[in-house]
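The values are calculated or read from the model by the stated rules, or taken from the named source; none is laboratory data. Owing to the predicted nature of the structure, the values given are computational and were not obtained by experimental measurement. With ideal geometry, Cβ positions are generated from the backbone for all residues, glycine too; neighbour counts draw on all protein chains shown. When the accessible area is computed, the model is the full protein with side chains, heavy atoms only, and any ligands, DNA or RNA have been set aside. Shrake-Rupley method; radii C 1.70, N 1.55, O 1.52, S 1.80 Å.
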Amino acid sequence: MDSGIFESRTRGNIGAQGASGYLTIDLGALRRNYAKLSSTLAPSRAAAVVKADAYGLGASQVSRALYVQGCRLFFVAHFIEAVRLRPHLPKDVQVFVLNGLQPGNEIACAEGGLIPVINSLEQLRRWAAAAKTVKRTLPAVLQFDTGMSRLGIPPEERTELAASLREHGNVEILFIMSHLASADELDGEQNNEQLAEMTRIADEFAGFDVCFANSGGIFLGDAFHGVLARPGIALYGGAPTSGVENPMEPVVRLDVAVIQTRTVPAGARIGYGGAHVATKETRLATIAAGYADGLPRSLSDRGAVYYGDVRLPIVGRVSMDSIIVDISALPEGTLKLGSLVEVLGPHQTLEDVARDAGTISYEILTGLGNRYHRQYR
Ligand SMILES: *Cc1c(COP(=O)(O)O)cnc(C)c1O
């Protein structure tokens, strides 16, 4: 990464001067990803999953950008996320709470115009009771468990559910949904099993629209599309499918500042626990992000950052607020205090960092902390 970018980034933006790191979120790329998923899905539609603060990228900014691109349906996980997001969006959107209807939230949920994803008979009954209290019909989504054993109505409750739906006419079911457990696997056997189960459910509850696919599911073919899909990670540039080229455009770039450089002799201990010992004279830079900034401790002595095309390996343990990298591959004096190195960007994808850290892109993305200077493009 060249100093020109650093200068253009900070010039005229006092708030950005001297930040320890720059998290750049490309809302244009986000919108193009939404458009791409929408055209893959057509004539089915795409909602957007903006839980966990839009996977760490800012739920209000992300949702408003997607609204401009035509998105009108937004899913969050927790009730509190829906409460916080709703005021940022125009009236003609629907905000759904994936984790269900918690006891005590019913009236607030109804009055806030939020739509619960009903995950059990008990939740359906409480939502119907709330509808009675507020004296109007309340909208809901029904989630079925098709083989993940996490959320949703289990198979043995389906008969009773059908009766319960007839009884609670004051709950309007907008659509039915389920979630795939292995959607990132193109030839995953579980995908077809879950599709078969969802097809049975759609027959049993005929007349309801089906919402099924997450990001990976969109790329499993038309059979998985239903009427509405719920992509998350693919919107944010993460790979929807494992083991094939990522069709999505990167949305996130992370550059972190150098806060110290030094040369150490052979035998020098590097970082906590002296876990890394220099085998020869080594030039080091300390950069201003650590595990509190979402760079997992499992990156200790694994993975790298980049300066231009040059790979700078992480040496020693990841600290809370900093990481030490070996900069011997760069000409002396290249990196100075405030120089920026690339953690995520053209040389290193989310998947690269996730692989080095032994985790998945989702965890890296949602973990990026709030100590970076955030800039939206
Ligand atoms: C998180 C989540 C999604 C989005 O999944 P991605 O793999 O990020 O596309 C969709 N549906 C449900 C129920 C979820 O929990």
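Out of the stretch 268-326, which residues are open to solvent by 40 Å² or more (accessible area, probe 1.4 Å), hydroxyl-bearing (Ser, Thr, Tyr) and in a strand (DSSP E or B)?
307
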Restricting to the stretch 239-250, name every residue that is within 13 Å of the ligand (Cβ to nearest atom) and within 29 Å of residue 322 (Cα to Cα). 239
For the stretch 14-25, what are the residues that are within 16 Å of the chain's Cα centre (by Cα) and surrounded by fewer than 20 Cβ atoms within 10 Å (Cβ to Cβ)? 24
Condition first: surrounded by fewer than 19 Cβ atoms within 10 Å (Cβ to Cβ), within 16 Å of the ligand (Cβ to nearest atom) and either under 30 Å from residue 304 (Cβ atoms) or not assigned by TED's automatic domain parsing to the domain that holds residue 41 (or both). Can you find one or more residues in the stretch 223-237 that meet it? no
Considering only helices (runs of 4 or more DSSP H) wholly within the stretch 94-201, the ones with at least 2 residues that are in the same structural domain as residue 217 (by TED's automatic domain parsing), more than 26 Å from residue 80 (Cβ to Cβ) and not β-branched (Val, Ile, Thr) are 158-167
Only unsatisfied item for residue 259, checking (1) surrounded by fewer than 20 Cβ atoms within 10 Å (Cβ to Cβ); (2) outside any strand (DSSP E or B), is (2)
Here the residues within the stretch 163-176 that are within 14 Å of the ligand (Cβ to nearest atom) and of a type outside the set (Val, Ile, Thr) are 175
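A quick yes/no check of all residues on (1) over 23 Å from residue 115 (Cα atoms); (2) within 16 Å of the ligand (Cβ to nearest atom); (3) open to solvent by 20 Å² or more (accessible area, probe 1.4 Å):
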site: 161; (1), (2), (3): no, no, no
site: 178; (1), (2), (3): no, yes, no
site: 183; (1), (2), (3): yes, yes, no
site: 193; (1), (2), (3): yes, no, yes
Exactly one condition in (1) on the phi < 0 side of the Ramachandran plot; (2) within 16 Å of the ligand (Cβ to nearest atom); (3) open to solvent by 10 Å² or more (accessible area, probe 1.4 Å) is not met by residue 212; state its number. (3)
Residue by residue through the stretch 68-104, note down the ones that are more than 16 Å from the ligand (Cβ to nearest atom) and touching a strand residue (DSSP E or B) at 6+ places or on another chain (Cβ under 8 Å). 72, 86, 89, 93
Is the stretch 124-139 home to any residue that is within 16 Å of the ligand (Cβ to nearest atom) and closer than 25 Å to residue 230 by Cα? no
